[in-house]
């Protein structure tokens, strides 16, 4: 884990060396101060030479000024180093999450992933900045101060550091304990954030059902769970701080008592006594720093462990080693003995074979949960087939890059997702390099132009979180305009007109028919009125394809499609 942590220092070697060098020089100058004071008292002061005393004081002032500059570099540039490393880790984690498949997100809570990207890494910058230098400088200062104390008086130095083993054992014990507590805190914080995300996203449902009190009680439980974790952490930290405070003060007390004793006996001079007291203060300072480190370091360590845990989860769907880009796609699709089951073992498709020539419009119908959407989601590899193969033209989709595969497939989903921002930004998501003229053409083709013209800011109208300021039909038309702009050779329409009123639906159907021309189109539909003109209709049920044909041929067959059709229209009637 340490090796992986220090790999993040590589891009910032110069910054690290500057920070580390300045911190080391500052620590050495701190050690020099007691020696200078010792010489002033024992050597210069008896001479009663005021000029030498002023020179000595000016020398100390010079050291302080230099140390001030060094401290600025350590604090400002050192923290920049830590923030850079934290930022790189967060970027790596975000890019890693972008590669995960749909099945991964099926098992995750958004709030927990938000915690991994934010809170878990907050303390990383402190560990990255202070970690290496604190360990080195602590050891160097302790060793240097002890050696200088030994030079003054061996027995006095030994009497002063006799408590160090007890402090060391306490530091190791409390560090382990607080790292474990912090891991629990991050776990609880993930649940806490997941609860907040669900409540804020679902506030309209909560208010519609009048369940504010229920959600308040549930949030109170999450809030108290997080509170208890924090209290436990600070209880452990309180015991650690109190324990170390006592022993650190005992070190200073021992230095004072034994120093006074040996001074009275004439074994050390007054200058050596004062210098020793100052050295003992320098000696305990890194110990006090270690005590402060116990608060932040376990948080950083726990956060980095969770970071490693997440980054080590290999995406279940990724490019093959020799994956090639798909080029010049016509849109011929072949499902060859395809089987698929979810991670919990639920079988959805079993040995399904289907050939779709380029330019054909195929409609998938069937009961809910039969596998219509799954069959289409396998094409852009949102999920991975368990057995069999899927081909687009001459390409096996597992042998091509995911980016090029998905570049040639456009998806209009039933549950439309729009990003916060403007209508223009959401439409341009279909082609990030599109010109304003291309965006306007997509708006026209999606029959969104009248809606846009009636808005105060036109295409630059802010639509709010998830497009909350738009109606269901308007959101659906924005998503359709997005696909017009992408202009792919293969289309997947998942209930693309489900949110539209009858009149608007008819207009959009005309637009979709125009869009589908010379393109391979897969339509997932529950409303049979929207698919009569499909080239073929495929009935999916019981893990596979049950019937296939045109609307008229399937109606004449009077099989499953006929029953579903009659049931739907009798209900509508």
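The values are calculated or read from the model by the stated rules, or taken from the named source; none is laboratory data. On a predicted model such as this, the values are computed, not experimentally measured, just so you know. In this analysis, Cβ positions are derived from the backbone assuming ideal geometry, glycine residues included, and neighbour counts consider all displayed protein chains.
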Are any residues in segment 451-467 out of contact with any strand residue (DSSP E or B) (no Cβ under 8 Å at 6 or more places or on another chain) and surrounded by fewer than 13 Cβ atoms within 10 Å (Cβ to Cβ), and if so, which ones? 453, 454, 456, 464, 465
Among the residues of segment 136-149, is there at least one that is touching a residue at least 24 places away in the same chain (Cβ under 8 Å), surrounded by fewer than 16 Cβ atoms within 10 Å (Cβ to Cβ) and farther than 26 Å from residue 301 by Cβ? no
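For segment 55-72, check the following and say yes or no: at least one residue is more than 30 Å from residue 150 (Cα to Cα), surrounded by fewer than 18 Cβ atoms within 10 Å (Cβ to Cβ) and either assigned by TED's automatic domain parsing to the domain that holds residue 278 or at pLDDT 85 or above (or both).
First pass over segment 55-72, keeping only residues more than 30 Å from residue 150 (Cα to Cα): 69, 72.
Filter again for surrounded by fewer than 18 Cβ atoms within 10 Å (Cβ to Cβ), leaving 69, 72.
Of the ones still in play, those that are also either assigned by TED's automatic domain parsing to the domain that holds residue 278 or at pLDDT 85 or above (or both) are 69, 72.
For segment 55-72, residues more than 30 Å from residue 150 (Cα to Cα), surrounded by fewer than 18 Cβ atoms within 10 Å (Cβ to Cβ) and either assigned by TED's automatic domain parsing to the domain that holds residue 278 or at pLDDT 85 or above (or both): present.
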Answer yes if at least one residue in segment 100-116 is modelled with pLDDT of 75 or more, assigned by TED's automatic domain parsing to the domain that holds residue 244, buried (at least 17 other Cβ atoms within 10 Å of the Cβ) and under 24 Å from residue 9 (Cα atoms), and no otherwise. yes
So which residues in segment 403-450 are crowded, with 21+ Cβ neighbours inside 10 Å, part of a loop (DSSP other than H, G, I, E, B) and under 26 Å from the mean Cα position of the chain (by Cα), if there are any at all? 416, 418, 430
Output yes when any residue across segment 494-515 is surrounded by 17 or more Cβ atoms within 10 Å (Cβ to Cβ), part of a strand (DSSP E or B) and at pLDDT below 85, and no when none is. yes
If you take the residues of segment 230-264 that are under 14 Å from residue 274 (Cα atoms) and free of Cβ contacts under 8 Å to residues at least 12 places away in the same chain, which of them is farthest from the chain's Cα centre (by Cα)? 264
Mind checking which residues of segment 355-373 are surrounded by fewer than 19 Cβ atoms within 10 Å (Cβ to Cβ) and in contact with a strand residue (DSSP E or B) (Cβ under 9 Å, 6 or more places away or on another chain)? 355, 357, 358, 359, 360, 367, 369
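May I ask you to list the residues in segment 522-539 that are within 38 Å of the chain's Cα centre (by Cα) and either at pLDDT below 90 or within 10 Å of residue 365 (Cα to Cα) (or both)? Spell out the reasoning first.
As a first pass, look at segment 522-539 and keep what is within 38 Å of the chain's Cα centre (by Cα): 522-526.
Those that are within 38 Å of the chain's Cα centre (by Cα) and either at pLDDT below 90 or within 10 Å of residue 365 (Cα to Cα) (or both): 523, 524, 525, 526.
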Condition check: at pLDDT below 90 and surrounded by 16 or more Cβ atoms within 10 Å (Cβ to Cβ). Does residue 388 satisfy that? no
Flag for residue 478 being under 28 Å from residue 380 (Cβ atoms) and without any contact (Cβ under 8 Å) to a residue 24 or more places away in the chain: no
Tell me the residue from 166, 254, 173 that is within 22 Å of residue 299 (Cα to Cα) and assigned by TED's automatic domain parsing to the domain that holds residue 304, please. 173
Looking at (1) surrounded by fewer than 18 Cβ atoms within 10 Å (Cβ to Cβ); (2) farther than 27 Å from residue 262 by Cβ, which is the one condition that is false for residue 164? (2)
Residue under question is residue 466, and the condition is that it be modelled with pLDDT of 90 or more and within 28 Å of the chain's Cα centre (by Cα); does it hold? no
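Go through segment 392-401 and give me each residue that's crowded, with 19+ Cβ neighbours inside 10 Å and assigned to a helix (DSSP H, G or I). Let's see the steps before the verdict.
Kept after step one, since they are crowded, with 19+ Cβ neighbours inside 10 Å, are these residues of segment 392-401: 392, 395, 397, 400.
The answer is 397, and nothing else.
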